[in-house]
Amino acid sequence: MQKMGIRSIALVLIVLLAATSCSKNKKPTSLKPGKTSSKTGLAYNGKDGFEVKQYKALPAGPDLVYIEGGRFTMGSLEEDVMSRRDNPKRTVSIQSFYMDQTEVANVHYLEYLNAVQRDSSEEFYNKALPDTNVWFNELSFNDSYVTMYLRHPGFRLYPVVGVSWVQANDYCEWRTAAVSQANNTAGAAAAAGGKKRGLSFGKKKKEAAQAEAVATTQAAPQLRIESGYVMPPYRLPTEAEFEYAAIAMIGTQYSDENQSNSRIYPWDGSTMRQPRGRKQGTMLANFKRGPGDYAGIAGKSNDGAIITQEIRSYPANDNGLYDMAGNVSEWVYDVYRPLSNNDVNDLNSFRRDGYQDEAKSYDTKNNNSLVTDNLRVYKGGSWADVAYWLSPGTRRYMDQDSATAMVGFRCAMIATGSHKE
């Protein structure tokens, strides 16, 4: 019995020693850096004022999907029918990022217009308005879309169109401020070591709760980036990010970084139809199938949309993104240059204006070139495009102040640190 007691005590001591050793050897991480510096031994959050708080990662913004970065072959696998030679294949790598699950819809843009009308000048509000006349055509009766498409409830979740590249960027800036403001009170309280103060309309009168929210927001300090509660800005995706997210090669992988096939479109195969299953034969996107054929015949209207279609109407790709081909083409961040794929860096490829291959090198004065720093790339193909343009590798361009009924947009955001489900 005495031997059993000694063994038990010894076992307990071993367990305690092991636990103590593990706790001491626990490595610091970005989210849990520990209480002292691993380089100097000095205490964080001490008298010297250097703050390194424990941090719980913020959830991604509404509607954002995490896109794990990696290597892919950028450029078109389709024949260059336009003979532009501006999208040769090249291997590049993309850092992880977030992207909107869907295109920005009419209701989302109307929310923006409402905020602008309340908080900005009339001049800026007028500049923010989409050009609804993009639907007008002298030889077509699209007049109803001019007045109805943006504002009628029946089109609420159809992608917004008639928005220029400049307007899309303005929306991204507003959305950054709006989402940050929604998180500001909780973030400020957490950064200050307090508890999240929410509204409980069941326990208090609505007016009192609203007054409390206003007072809390006004009292909240300006958050610093170091606090971890400052959200990265929303922006348009780069051309490389859009193409990488659209083609979704993660869905073709098998063991040890091998891939079973390349992709022409955001799905497998060389056709535009579901290859198997209960919905075999149905279209995977809405597009123009041929001269005068935008959807098929009544009763068997295959893609179900003469013009645009409600977001999420077609299957998502393997990244969980909807309408990365079809519905509307989408603005991306890059300025257009014919040789972008040859010139840009092979990590997080991006073409900015005013740097290398400058616009002054092109003969625009004598109308021998269209290339300027105001040309922006758009990708993805639309309801009015033939299937060729639905391939993510194809690219087109338009002046940043221009708008059409075929081009919309979605937002992206960098991913900070490591990502764990």
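Near the amide H of Asp334, within less than 5 Å, lie the amide hydrogens of Glu239, Val377, all on another chain or at least 5 residues away, with H placed in the peptide plane.
Using only the C-alpha atoms, the convex hull of segment 294-381 corresponds to 150 Å³ per residue. Where Lys and Arg each count +1 and Asp and Glu each count -1, what net charge lies around Tyr112 among other residues with Cβ under 13 Å from its Cβ? Residues near Tyr112 contribute -1 overall. Computed 3J(HN,Hα) for segment 304-314, one whole-Hz value per residue from the Karplus formula 6.51 cos²θ - 1.76 cosθ + 1.60 where θ = phi - 60°, is x, 8, 6, 10, 6, 9, 4, 4, 6, 7, 10, glycine and proline marked x. When you filter the GluC sites (Glu not before Pro) in segment 255-359 for DSSP loop state and at most 10 other Cβ atoms inside 10 Å of their Cβ, you are left with Glu257.
For segment 227-334, the Kirkwood hydrodynamic radius from C-alpha pairs, put into Stokes-Einstein at 4 °C and a viscosity of 1.567 mPa s, yields a diffusion coefficient of 81 µm² per second.
Annotation: extensible slack from Arg118 through Asp48 equals 20.8 nm (criterion: 0.36 nm per residue apart, minus Cα-Cα distance). Determine, from the Cβ-Cβ distance of Asn126 and Asp363 and an R0 of 41 Å, the FRET efficiency 1/(1 + (r/R0)^6), rounded to the nearest 0.05. Calculated transfer efficiency: 0.70.
What pairs from Lys89/Lys379; Lys89/Lys360; Lys27/Lys53; Lys26/Lys56; Lys279/Lys379 go past 23 Å between their alpha carbons? Mind dumping the intermediate values first?
Values: Lys89/Lys379 16 Å; Lys89/Lys360 27 Å; Lys27/Lys53 16 Å; Lys26/Lys56 18 Å; Lys279/Lys379 27 Å.
The answer is Lys89/Lys360; Lys279/Lys379.
Estimated at 0.36 nm per residue, the fully extended path between Ile306 and Asp293 surpasses their Cα-Cα distance by 3.8 nm.
Rounded to the nearest Hz, the phi-derived 3J(HN,Hα) couplings of segment 320-325 under the Karplus curve 6.51 cos²θ - 1.76 cosθ + 1.60 (θ = phi - 60°) are x, 9, 9, 6, 6, 9, where x marks glycine and proline.
Under 5 Å from the amide H of Gly408 lie the amide H atoms of Ser329, Glu330, Trp331, each residue being 5 or more positions distant or on a separate chain, with H modelled from the backbone and absent for Pro and chain starts. Approximating the spin labels as points 7 Å out from Cα along Cα→Cβ, the Asn345-to-Ser96 distance works out to 2.0 nm.
For the listed peptides 311-322, 292-303, 337-348, a ranking on the average number of other beta carbons within 10 Å per residue, highest first, reads 311-322, 337-348, 292-303.
Multiplying the residue separation of Asn142 and Gln259 by 0.36 nm and subtracting their alpha-carbon distance yields 37.6 nm.
Working ranking of peptides 258-271, 369-382 by packing, defined as the average number of other Cβ atoms within 10 Å per residue, highest first, is 369-382, 258-271.
Every read-out reported here was derived from the displayed coordinates using simple, explicitly stated rules and does not represent laboratory data. All values reported here derive from a predicted model rather than from experimental measurement. For neighbour counting, all protein chains shown are included, and Cβ atoms are generated from backbone atoms with ideal geometry for every residue, glycine included.
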